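The values are calculated or read from the model by the stated rules, or taken from the named source; none is laboratory data. Since the structure is predicted, the reported quantities are computational estimates derived from the model, not experimental observations. Please note: Cβ atoms are built from the backbone with ideal geometry, for glycine as well, and neighbour counts cover all protein chains shown. All accessible areas refer to the heavy atoms of the entire protein, side chains included, with ligands and DNA or RNA removed. Shrake-Rupley method; radii C 1.70, N 1.55, O 1.52, S 1.80 Å.
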Amino acid sequence: MVDHSFVDLSLAALYDGLNSWGPSDEFYLKLVRRADAVLDVGCGTGQLLCRARAEGHRGRLVGLDPAAAMLVQARQARTDVEWVLGDTRARGWDGEFDLAVMTGHAFQVLLGDEDVLQCLRAVRRALGPGGRFAFETRNPAARPWERWTPDRVREVTAPDGAVVRVRHEVQDGGLRDGRVRFTETYDSDRWPAPRVSHTVLRFLDAGELGAFLTAAGLTVVEQYGDWDGGPLTPAAPEIVTVATPAA
């Protein structure tokens, strides 16, 4: 199920303002620049592929996302990228891409073992010989959900000029069975009532990720703990992984 914040057109319009370009985007952009054909799984509003095309990328760029409202934003930004509505269960490719990416912690919305394996196998099929799959998950050892508290309020200005406040609140005391449930509340003085999105994210450690990748026919070739290429330690905020089809 797609989160409400991604299917509501007015909330999808806030996404880029809340998720401005940063080090993670630069990391992926470097990979995209070196690839002729790129598949962005869970592309959202398409910031990465739009930036690559704007810089002059001449190859094939395909963005896949199950949330129509997010693709509305992407299509408004650029029409010279292939924007595809759906997910890896509904859409598939065979050996067509040099690079596949999953950015913005999109990998963590895969909640069940079969969901993870299905997605990874679909990505494996989509990659040509020597292709790469790059993605990131939050490091569970760093316990990032402990900082998702209601007192941390972010503000963003909507296209109509309304100031929208966004806050998060973790449910059920935090991590349970490898998953964290939380609410994301959007509120504005111009709105009659707040809008609430309910989210569940799965947290896997490096060993668990490795086992899933191996089962899907992928091999880890690079793994980092941050966007500067630092080592993966218990305190590292990310598990940044680059994998390739196994021989």
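Structural remarks
- Extended-chain gain in nm, criterion 0.36 nm per residue less alpha-carbon gap, Val153 and Ala246: 29.1 nm
- Taking every Cα-Cα distance in segment 1-120 and sorting them into 5 Å bins starting at zero, the pair-distance distribution P(r) comes out as 2, 11, 23, 25, 22, 13, 4, 0 percent.
- Length added when fully stretched, Asp187-Asp80, from 0.36 nm per residue minus Cα-Cα: 35.1 nm
- Accessible surface of the chain, 1.4 Å probe, proportion on carbon and sulfur as whole %: 48
- The stretch between Val163 and Glu114 holds 13.6 nm of extra length on full extension. This uses 0.36 nm per residue minus the Cα-Cα distance.
- Two-site label geometry, Glu146 and Glu222: point separation in nm, points 7 Å out along Cα→Cβ: 3.1
- Computed over the Cα atoms of segment 89-223, the ratio of the radius of gyration to the Kirkwood radius (Rg/Rh) comes to 1.06.
- Heavy atoms of the protein chains alone define the surface here; on that basis segment 24-102 has 44 Å² accessible area per residue at 1.4 Å probe size.
- Dipole of the chain, positive direction: furthest Cα of Leu127, Leu9, Ala246, with charges on the beta-carbon: Leu127
- Segment 106-121-segment 142-181 distance, computed between alpha-carbon centres (Å): 23
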